[in-house]
Amino acid sequence: SNTVTVSGSTSVSGIMEVLAEKYQATQQDVVEVQSTGSSAGIRAAKEGTSMIGMSSRDVKDSEKNEVTQEIVMAMDGIAVAVNNANQVQDLSIEQVKKIYMGEIKNWKEVGGADQPIVAVTREVGSGTRGAFEDIMGLTRKINDVTVTAISPRAQVGSGNGAIKTLVANNPYAIGFISLGSVDDSLSAVSIEGAAATKDNIKSGSYGIARPFVLLVNNQPADEAQQFLDFIMGTNGQAIVAEEGYIEVN
Amino acid sequence: MNKFDVNQLDLHYGDTHALKGINLPIPEKKVTALIGPSGCGKSTLLRTLNRMNDLIENVTIKGDVKLEGKDIYQDRNVAALRMKVGMVFQKANPFPMSIYENVAYGLKAQGIRNKKILDETVETALRSAALWDEVSDRLNSPAFGLSGGQQQRLCIARTIAIQPDVILMDEPTSALDPIATHKIEELMDELRKKFTIVIVTHSMAQAKRISDKTAFFWMGELVEHGDTEQVFSAPVDERTRGYVNGDFG
Amino acid sequence: MNKFDVNQLDLHYGDTHALKGINLPIPEKKVTALIGPSGCGKSTLLRTLNRMNDLIENVTIKGDVKLEGKDIYQDRNVAALRMKVGMVFQKANPFPMSIYENVAYGLKAQGIRNKKILDETVETALRSAALWDEVSDRLNSPAFGLSGGQQQRLCIARTIAIQPDVILMDEPTSALDPIATHKIEELMDELRKKFTIVIVTHSMAQAKRISDKTAFFWMGELVEHGDTEQVFSAPVDERTRGYVNGDFG
Amino acid sequence: MRRHIEDKIALSLIWGGAGLTILLLVWMLWHILSNGLSHVSWEFISSAYTTVGKTSGIFSMIVSTIYMVGLSIAIAAPIGIMTALYLTEYAKPGSKLVKVIRFCTESLAGIPSIIYGLFGMTFFVVTLGLGFSILSGALTLAILILPVIIRTTEEALIAVPQAYREASYGLGSSRIYTIWRVVLPSAMPGIVTAVILSTGRIIGESAPVFLTAGMVTRIPESVMDSGRTLTVHLYKLTQELFTVHEWNQAYATATVLIVLVLLINLMTKWIASRFNKASY
Amino acid sequence: MNQTIAAPAQEFELKNSALLEALSQSSQKVDWVGRFFNLLFLLSALIGVLSVATIGYFLVLEGLPAIQFAGLSNFLLGVDWYPPALYGIGAMIVASVVSALGAVIIGVPVAILTAIFLAEVAPKWLANIIRPAVELLAGIPSVVYGFFGLVIIVPAIESTFNVPAGSTLLAAIIVLAVMILPTVITIAETSIRAIPRTYKEGSYALGASPMFTIFKVMLPAARSGILAGVVLGVARAVGETMAIIMVMGNSTAMPGSLLDSARSLTANIALEMSYATGIHASSLYSTGIVLLVFVMILNTSLVVLNRKRVK
Ligand SMILES: Nc1ncnc2c1ncn2[C@@H]1O[C@H](COP(=O)(O)OP(=O)(O)OP(=O)(O)O)[C@@H](O)[C@H]1O
Ligand SMILES: Nc1ncnc2c1ncn2[C@@H]1O[C@H](COP(=O)(O)OP(=O)(O)OP(=O)(O)O)[C@@H](O)[C@H]1O
Ligand SMILES: [Mg+2]
Ligand SMILES: [Mg+2]
Ligand SMILES: O=P([O-])([O-])[O-]
């Protein structure tokens, strides 16, 4: 049997592992999924260490080259989540931005209890963080280079899981994670009045969304092509929808 | 008067019967030499006199050892006994400290902090050990810098400093060269005036030179004891005769 | 004829001058005893005879040692030398193997696998070491099960098995009780017929009992050597006289 | 009297310090075992890990761990033992070369494991093109445990009584014969200890492992496959603790790890004591 | 007694000629086998050297661009970590130093007292129970410690100090202190046990109490061994990664107090390793260089300290 190697985004990994398991159940080839982060996935695909690279954000121009192609396999929202004990249900983009820049430090400033805010972010280079910063305008320029505007005091967790753990266990915390990985251990707040749902993303009323991009060689190996066909086919896309992400086409 | 009276002493190391029914009086202010072939129990007997064998596991002792009429194994205050019955070992074992600290050690262990008392005692002890002239200018340098013979005299000084009545010596010169040995023997000649000395030696010549009384051991038994003169010139037991004549051992 | 001729031998351990200009002939098929106070260089000289000092760091040797007229330090084949000049140590040091394996060790080390040769040699060697009767029924049991004296005889057997001309012994009985010592001395009386023996002993009595020639060392110097009779009864040097009379040491 | 009081204080400090250690120890072990033991079942140990299906066992992690341990030891043990032999039996102590070798092995021991991860990922995974694989991981870990093996073996070799060597050389044996027949057998308990200590080290590492061997939950079929060791698995789980089910998995995995370490320790002792008996 | 000795003279006339021949043959050979093994062992020994050289080479090769980009002083002293513009690891150096130092200050005294307990004070049966337990602790993966810290220490800090997030320097210090205990205890106990019995006997013979003996003679004599244990402990604390990531919060700002979140050098590497490209990736290798230099300074300074005190 052949092995299809896939690596990259921790956000995409969740759905990719499900796709891989279902795919392996139907035929001979095996799929290895490594959740290493979007940038690493893009690099791995370009360097050929992995057949398929996963990214949870748009591939930057600087990261593109001639031998690889991008395939958008799904769309995903980024949920802004708080602890279940937190009464705050809705935040504006401005409020979220200020919280992350460290300008708003207490929940009462955004209509919550008089409690400190613990902002939790993903690590630099994470696709989720990259997309979140772009959409929320959480960037600034230093020496003409775009860098994050998220406060250095924010706690950092590696991977969606770590953020979920932190937010689910700390009543003061706020974090952002892939919408597909939201469950009832924490609660996603609505942004500008729009709840974080698939429908609202499709309609455009919930604006924090990004593509799940697969990066592959222009002439992928047969086994990789077969797996891609599965993902982009009806079965694959059905699974994507089933798992809470937004199918493409 | 006898300093020690050893009565019907039996000692086992686990199953090894190392001392068998020993009866030995040790007279005051005399030098008593313990001689005999290797493994006959000389060191073992010596170490029962200040209860050093207490440190070894699995030692069982029967019979009694009286110091000035009082059984030392009844009295619970071992530290007081050991201050009264000092000990010098086969290999000089100064502590890893300065010369001064080595000599003052025993006093400090008793909580004496008075600088004047300490200084005086250190000087007196070093003088009595015939070491003062050689080290008075470097009391604060490490004891390890001394030669083997000097180290052994330092150990004697250390013992004298706590004002004992008895000094036990286990082959104190067997690791020394002839010149250093000679110095120690000279020193012992001085010490016998003030202290009761019990010395283990493997050298019959040394026993003859320095002791008043000699006890000959043979495989855990005390074969014969008496005035040194008599033991060497007119031994009663055949084994003693064989040994002192050099037929074996 | 002389087996060994030691000429103007100087040996340093680093800065320690352990042997100073030694000149010593060692006659064939005689027992030569090396005596002297502790640290005088007896063991050091003994170990130059089979180049055992090669194993120690920082040893520098000047002068020469001739075995049957050939300088042993010129010949590169140390193994051959050591087979010719066997050695028995102060503490019996059998290998952690069976009795048989211990004796066969030296032969096997030369690649001899022939069971018949091995069996014969083991028996001959054990007989010659006066050990056969005591161990013939348990050749395959561990050597450590033997008593100290038996172990020492086993070490002698092991040496005999490689058919040496010379046997060096460094205080071979100093760790043994008188009875075991006596057995070894009896054995040596047999061995002297066949082998040249050089023995270090700290016991003058032993030297008198067993040796033909005696060499007296004093702080690295060879003070005096000659027939044992003469060295003990009519020593030439004053230090020798002092030592054999028991004035020191 | 003053000394008496000082003695009392010193003694209570010692008991206090030891008490604190024991308290922490018992607390930690109790916390993990009490929460974990009930979730360790045969099914948990023997079933595969799936995201979709019902089972979330650790069988594949156990297999990966075994692969990783076996391969790393197979690479590092011979090299380490031979290095130790060179240092103790062949080289002139104090020579320049020995100093360089010693300095290097000691430096290896001092390098934090994350740097091994960094290096392994750059060198084995990318530069040598081995990819995320058990082999990349094992090569990285082999360098990481090399100093442990060298040092422990060296200690064991030094502890072999010089008398054995002297006796053997005294019988005209060659160096290698002496090593083979006398030195190595006597040092065997120490060498076995070295290997088992390294096993513990390999099992315990996480960062250098997932940076080089990846963290695929499948059972690896060859050393070129990626695999997830138990410790990496626990790390992954702790990063995603939100359902009760996952908490339980984490505790159960931690329990398995502790039991594993316990077994390794017992084995060390047992082997050492057996060898001690065997060497008469 | 003479009967027990067989007649060797006669036996030896029968010197086995086959044996003698075999022996003389074997002693002629050139020792090719010996040379082969000598070379083999030497080559093995050089693998360690090669590894260090390769690791060093790759670290420097990969790490240099970032240091050149940021400038050495900005890199080491800067407190702004904004890749890909600013690379200052000052805050992380502080976090690493403080967490390791804190762990040593708490952990080492406890460990040494425990070691004394095991070596000198505890009854044999008790020591025989505790010792294996401590060894067990030494073998437990650091992730388990991190897990314990995450579920016990972090919440405990939140409630005790009433801080919003318990993932702080303090949490890391406590976890590291517990983690280095077994290392330091084991080594310290071994070195206390290794002290020649003559010291103890010498001290007891002067009437000194066991406590006085322990603190005045045994501990000073065991100093170099204990220091070695401390060095290993510190190295473990400085090098620890995963356990710290789990409990220290990993924020890049300079911590203002022990109750602030912080990021260690090791965590910085592990967190951003996968994502980084270009200068950013290079900066993580330079973080590795700093970490390495740090551990090396630590080792040598303690070695030097040790040597000085012994004199
Ligand atoms: N700690 C111990 N445990 C078990 N047996 C011991 C111990 N110390 C001594 N022995 C045994 O007790 C016997 C007497 O030993 P001891 O040390 O008293 O002899 P010795 O006369 O001093 O000999 P040497 O001249 O060799 O010093 C010996 O058989 C010895 O093996
Ligand atoms: N390996 C060594 N390194 C340095 N010095 C040594 C070494 N071996 C012996 N010496 C020194 O060389 C001198 C002679 O030692 P040697 O062992 O030959 O004496 P010895 O006569 O056999 O004494 P003993 O009767 O105590 O066995 C001594 O001063 C000793 O300290
Ligand atoms: Mg003795
Ligand atoms: Mg000697
Ligand atoms: O892991 P990411 O999806 O955030 O890159």
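The values are calculated or read from the model by the stated rules, or taken from the named source; none is laboratory data. Note that the coordinates shown come from a computational prediction; the quantities given were computed from them, not determined experimentally. Cβ atoms come from the backbone with ideal geometry, glycine included; neighbour counts cover every protein chain shown.
The residues listed here are C:Phe95, C:Phe89; of these, the one that is away from ligand 5 (no atom under 16 Å from the Cβ) and under 17 Å from D:Ser174 (Cα atoms) is C:Phe95.
If I filter the stretch C:190-199 for residues that are in a loop (DSSP other than H, G, I, E, B) and surrounded by 21 or more Cβ atoms within 10 Å (Cβ to Cβ), do I get at least one hit? Yes; the residues of the stretch C:190-199 include at least one that is in a loop (DSSP other than H, G, I, E, B) and surrounded by 21 or more Cβ atoms within 10 Å (Cβ to Cβ). Restricting E:Leu19, E:Leu14, E:Leu61 to those that are modelled with pLDDT of 90 or more, within 10 Å of another protein chain (Cβ to nearest Cβ) and either out of contact with any strand residue (DSSP E or B) (no Cβ under 7 Å at 6 or more places or on another chain) or crowded, with 16+ Cβ neighbours inside 10 Å (or both) reduces the list to E:Leu61.
Residues checked against (1) near ligand 1 (Cβ under 9 Å from one of its atoms); (2) within 16 Å of B:Gly69 (Cβ to Cβ); (3) surrounded by 16 or more Cβ atoms within 10 Å (Cβ to Cβ); (4) not basic (Lys, Arg):
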| position | (1), (2), (3), (4) |
| --- | --- |
| B:Asn2 | no, yes, yes, yes |
| B:Asn7 | no, yes, no, yes |
| B:Lys30 | no, no, yes, no |
| B:Leu34 | yes, no, yes, yes |
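Restricting attention to the stretch A:150-186, the residues that are in contact (Cβ under 8 Å) with a residue 24 or more places away in the chain and either on the phi > 0 side of the Ramachandran plot or β-branched (Val, Ile, Thr) (or both) total 8. When the strands (runs of 3 or more DSSP E) confined to the stretch A:140-216 are screened for residues that are among the small types (Gly, Ala, Ser), those reaching at least 1 such residues are found at A:155-157, A:173-178.
Exactly one residue out of E:Ser251, E:Ser274, E:Ser191 is at pLDDT below 90, hydroxyl-bearing (Ser, Thr, Tyr) and crowded, with 18+ Cβ neighbours inside 10 Å, and it is E:Ser274.
Scan the stretch B:81-106 for residues that are at the interface with chain E (Cβ under 7 Å from one of its Cβ atoms) and small (Gly, Ala, Ser) and the total you get is 2. Picking from residues in the stretch D:83-113 that are outside any helix (DSSP H, G or I) and more than 25 Å from D:Val182 (Cβ to Cβ), the one that is farthest from the other protein chains (Cβ to nearest Cβ) is D:Ile111. Please indicate, with yes or no, whether at least one residue in the stretch C:30-49 is without any contact (Cβ under 8 Å) to a residue 60 or more places away in the chain, away from chain B (no Cβ under 14 Å) and assigned to a strand (DSSP E or B). Scanning the stretch C:30-49, I find no residue that is without any contact (Cβ under 8 Å) to a residue 60 or more places away in the chain, away from chain B (no Cβ under 14 Å) and assigned to a strand (DSSP E or B), so the answer is no. Under the condition of being within 16 Å of ligand 3 (Cβ to nearest atom) and in contact with a strand residue (DSSP E or B) (Cβ under 6 Å, 6 or more places away or on another chain), the residues counted in the stretch C:156-177 number 1.
Taking the residues in the stretch B:54-65 that are away from chain E (no Cβ under 11 Å) and within 11 Å of ligand 1 (Cβ to nearest atom) as candidates, determine which candidate is farthest from the chain's Cα centre (by Cα).
B:Asn58
When the helices (runs of 4 or more DSSP H) confined to the stretch D:120-194 are screened for residues that are surrounded by fewer than 23 Cβ atoms within 10 Å (Cβ to Cβ), touching a residue at least 40 places away in the same chain (Cβ under 8 Å) and under 20 Å from the mean Cα position of the chain (by Cα), those reaching at least 1 such residues are found at D:134-159. Residues that are in a loop (DSSP other than H, G, I, E, B), crowded, with 19+ Cβ neighbours inside 10 Å and away from chain E (no Cβ under 14 Å): does the stretch D:45-57 have at least one? Checked against the condition, which is being in a loop (DSSP other than H, G, I, E, B), crowded, with 19+ Cβ neighbours inside 10 Å and away from chain E (no Cβ under 14 Å), the stretch D:45-57 yields at least one hit. Scanning for something within 13 Å of chain E (Cβ to nearest Cβ), in a loop (DSSP other than H, G, I, E, B), more than 16 Å from ligand 2 (Cβ to nearest atom) and among the polar types (S, T, N, Q), does the stretch B:108-118 turn up at least one residue? Yes, the stretch B:108-118 contains at least one residue that is within 13 Å of chain E (Cβ to nearest Cβ), in a loop (DSSP other than H, G, I, E, B), more than 16 Å from ligand 2 (Cβ to nearest atom) and among the polar types (S, T, N, Q). Criterion applied to B:Lys84, B:Lys70 was being more than 30 Å from C:His202 (Cα to Cα) and in contact (Cβ under 8 Å) with a residue 40 or more places away in the chain, and the one residue passing it is B:Lys84. Away from ligand 4 (no atom under 16 Å from the Cβ), more than 9 Å from chain E (Cβ to nearest Cβ), assigned to a helix (DSSP H, G or I) and in contact with a Lys or Arg (Cβ under 7 Å, 6 or more places away or on another chain), is that true of B:Val135? So B:Val135 fails the test. Restricted to the stretch A:25-52, and to residues that are more than 12 Å from chain E (Cβ to nearest Cβ) and in a strand (DSSP E or B), which residue is nearest to ligand 2 (Cβ to nearest atom)? Only one residue fits best here, namely A:Glu32. Quick check: is even one residue across the stretch C:66-76 more than 16 Å from ligand 4 (Cβ to nearest atom), more than 19 Å from C:Leu168 (Cα to Cα), at the interface with another protein chain (Cβ under 9 Å from one of its Cβ atoms) and modelled with pLDDT under 90? Looking through the stretch C:66-76, none of the residues is more than 16 Å from ligand 4 (Cβ to nearest atom), more than 19 Å from C:Leu168 (Cα to Cα), at the interface with another protein chain (Cβ under 9 Å from one of its Cβ atoms) and modelled with pLDDT under 90. Residues in the stretch D:1-43 that are assigned to a helix (DSSP H, G or I), away from every other protein chain (no Cβ under 11 Å) and more than 25 Å from the chain's Cα centre (by Cα): D:Ser34, D:Ser38, D:His39, D:Trp42, D:Glu43.
Cβ-Cβ contacts under 9 Å between residues 6 or more apart (or on different chains), taken from a first residue in the stretch C:166-181 that is more than 7 Å from chain B (Cβ to nearest Cβ) to a second residue that is away from ligand 2 (no atom under 16 Å from the Cβ) and aromatic (Phe, Trp, Tyr), are listed as C:Val166/C:Phe4; C:Val166/C:Phe195; C:Ile167/C:Phe195; C:Ile179/B:Phe248. Consider the stretch A:98-139 and keep the residues that are buried (at least 18 other Cβ atoms within 10 Å of the Cβ) and part of a strand (DSSP E or B). The one that is nearest to the chain's Cα centre (by Cα) is A:Arg122. Contact map, the stretch E:122-151: residues that are facing another protein chain (nearest Cβ under 8 Å) paired with residues that are outside any helix (DSSP H, G or I) and surrounded by fewer than 23 Cβ atoms within 10 Å (Cβ to Cβ), Cβ distance under 7 Å, separation 6+ or inter-chain. Pairs shown: E:Ile130/E:Ala122. On the given criteria, is A:Lys22 more than 16 Å from ligand 2 (Cβ to nearest atom), facing another protein chain (nearest Cβ under 9 Å) and not in a loop (DSSP other than H, G, I, E, B)? In short, yes. Scanning the stretch A:72-92 for residues that are more than 14 Å from every other protein chain (Cβ to nearest Cβ) and surrounded by fewer than 16 Cβ atoms within 10 Å (Cβ to Cβ) yields A:Val72, A:Gln87, A:Gln89, A:Asp90, A:Ser92.
Condition first: away from chain A (no Cβ under 14 Å), of a type in the set (Phe, Trp, Tyr) and touching a Gly at 6+ places or on another chain (Cβ under 6 Å). Can you find one or more residues in the stretch D:265-272 that meet it? Within the stretch D:265-272, not a single residue is away from chain A (no Cβ under 14 Å), of a type in the set (Phe, Trp, Tyr) and touching a Gly at 6+ places or on another chain (Cβ under 6 Å). Within the stretch B:210-219, can one find any residue that is touching a Cys at 6+ places or on another chain (Cβ under 7 Å), in a loop (DSSP other than H, G, I, E, B) and closer than 30 Å to C:Gln206 by Cα? Within the stretch B:210-219, one or more residues are touching a Cys at 6+ places or on another chain (Cβ under 7 Å), in a loop (DSSP other than H, G, I, E, B) and closer than 30 Å to C:Gln206 by Cα.
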